[in-house]
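Here is the structure we will look at, set down as structure tokens.
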Amino acid sequence: NVQKAWGYTKGSPNVVVAVIDSGITKHPDLDSQIVPGYDFVSNGSQSCSPNGSGDGDGWDAIPEDVGYEIDGSQKIVSWHGTHVAGIIGAAQNNWGISGIAPNAKIQPIRAIGPYGGCGADLIAALNWAAGLPVPGVPLNKTPAKVINLSMGTENASACDYGGGPMNSTGAALAELKKRGVTTITAAGNFNTDANDSYP
């Protein structure tokens, strides 16, 4: 029913939607929609991402989906973050598809690398997306009003409890809610009780 929804709104260029995911690739449906994002996937030297970030440099200002290597020669990109960003905000430009909110802006934030991700990186990504300070990272100049997490596990996580907004996912999400940021996350991907899904 998206065409009916467009009768009410196609989103606003004043609303930034952060897509916390695998990063993004260049695409004609998205290139005009993007505001600067960030890469929060730790490199292999970090204990939470022992297999590496895939781009060899850990946290940086390039939220590109770098993909992963097959048999040491062919690089495959997952396109997951690009796909999700397109569903949300692909431009109405006679190319490809149109997103649900084609007038909104998309902020790509990479929190999952080729070997997965970890709670500490996700917590940093959530805080940064909302414009909160993250140690060692420049402040987000275009904070998100909406954060999308098209990811989820079938189990709860220790990262979901205790501590402040930089120490647990639950505390970070509670702080975002207090600040009026709407956060959407996948739940039920594994046909289990959504109460047990992380994040």
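Odds and ends about this structure:
- No other residue among V41, V2 is at pLDDT below 95, loosely packed, with under 15 Cβ neighbours inside 10 Å and β-branched (V, I, T) apart from V2.
- Some residue of segment 70-82 being in contact with an Asp or Glu (Cβ under 9 Å, 6 or more places away or on another chain), modelled with pLDDT of 85 or more, in a helix (DSSP H, G or I) and crowded, with 18+ Cβ neighbours inside 10 Å: yes
- Selection status of I88, modelled with pLDDT under 90 and of a type in the set (A, V, I, L, M, F, W, C): no
- Reported count of residues in segment 151-199, each being charged (D, E, K, R), modelled with pLDDT of 85 or more and part of a helix (DSSP H, G or I), is 3.
- Among residues of segment 100-150, those that are over 20 Å from G180 (Cα atoms) and assigned to a helix (DSSP H, G or I), counted: 3
The values are calculated or read from the model by the stated rules, or taken from the named source; none is laboratory data. In this text the structure is predicted, and so the values were computed from the model without any measurement. A quick note on method: Cβ atoms are made from the backbone with ideal geometry, for glycine too, and the neighbour counts reach across all protein chains shown.
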